[in-house]
Amino acid sequence: MVTTSNRVATPLVVLIALYVAALLQLVCYGSRLPERVAVHFGGDGSPNGWSTRSCFWLVYGALLVGSALLWIAIPFALRATPARSLNLPHREYWLAPERRERTLRFLRDWTWWFGAVLTGALVGSFQAVILGNLRPVVHVDNRVFHLLFVPFLIFTAVWTAGGYLRFRLPRGAGDR
């Protein structure tokens, strides 16, 4: 397992748990969905876009695999990228040899947290669509999407601000 200072990287564990939850969705609901699946809904929760069941699972699987590859690739790409090519506040300070490893670990975990929250919103959204399709009359409660995406947007704002705060120049460090 990937560790940070003798502990398992928590965001990676959360991210993996979400992918396991998505796999469980496929196992539990794969054949229970109707052959014609509602995939888009109007403001009142009524379906207005359809897909085949196999296409629904294919798109969901592609999103999950693509995002998993992205969250795995970004930290490796950061390690391979020359410091001068990274857009990081005060990068000369934070990527100095004595701080580079710690900075890259932070960026890896920071990326994984974003991936976990975004994947959670994705898995939750697909769960709402799945359950909406299992009702006698296909319908979703759009409040579920608000419960997923308003916190996601708040998290994104806090995540972005936290990144800027994390990489401000410490007092007494000079403007290197």
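Kindly indicate the residue of segment 33-45 that is out of contact with any strand residue (DSSP E or B) (no Cβ under 8 Å at 6 or more places or on another chain) and under 13 Å from VAL129 (Cβ atoms) and also surrounded by the most Cβ atoms within 10 Å (Cβ to Cβ) among those meeting that condition.
Just the residues of segment 33-45 that are out of contact with any strand residue (DSSP E or B) (no Cβ under 8 Å at 6 or more places or on another chain), to begin with: 33-34, 43-45.
When the remaining residues are screened for being under 13 Å from VAL129 (Cβ atoms), the result is 33-34, 45.
Numbers: LEU33: 18, PRO34: 12, GLY45: 16.
Here the answer is LEU33.
Quick check on LEU15: is it surrounded by 15 or more Cβ atoms within 10 Å (Cβ to Cβ), under 18 Å from VAL123 (Cα atoms) and either of a type in the set (Asp, Glu) or at pLDDT below 95 (or both)? Can you show your working first?
Values: surrounded by 15 or more Cβ atoms within 10 Å (Cβ to Cβ): yes; under 18 Å from VAL123 (Cα atoms): yes; either of a type in the set (Asp, Glu) or at pLDDT below 95 (or both): yes.
Taking the combined requirement at face value, the residue satisfies it.
Those residues that are farther than 15 Å from ALA21 by Cβ and polar (S, T, N, Q), I need them from segment 116-149; list them, please.
ASN133, ASN142
Restricting to segment 127-169, and then to whatever is part of a loop (DSSP other than H, G, I, E, B) and touching a Gly at 6+ places or on another chain (Cβ under 9 Å), can you tell me which residue is farthest from ALA116 (Cα to Cα)? Steps first, please.
Let us first name the residues in segment 127-169 that are part of a loop (DSSP other than H, G, I, E, B), namely 134-142, 167-169.
If we keep only those that are touching a Gly at 6+ places or on another chain (Cβ under 9 Å) as well, we get 138-142.
Numbers: VAL138: 29, HIS139: 27, VAL140: 24, ASP141: 24, ASN142: 22 Å.
Residue satisfying both the conditions and the ranking: VAL138.
Kindly provide the set of residues from segment 19-69 that are touching a residue at least 60 places away in the same chain (Cβ under 8 Å) and small (Gly, Ala, Ser), ordered by number.
Selection gives ALA21, ALA22, ALA38, GLY43, GLY45, SER46.
The values are calculated or read from the model by the stated rules, or taken from the named source; none is laboratory data. Just so you know, these numbers come straight off a predicted model, no measurement behind them. Neighbour counts run over all protein chains shown; Cβ positions are idealised from the backbone, glycine included.
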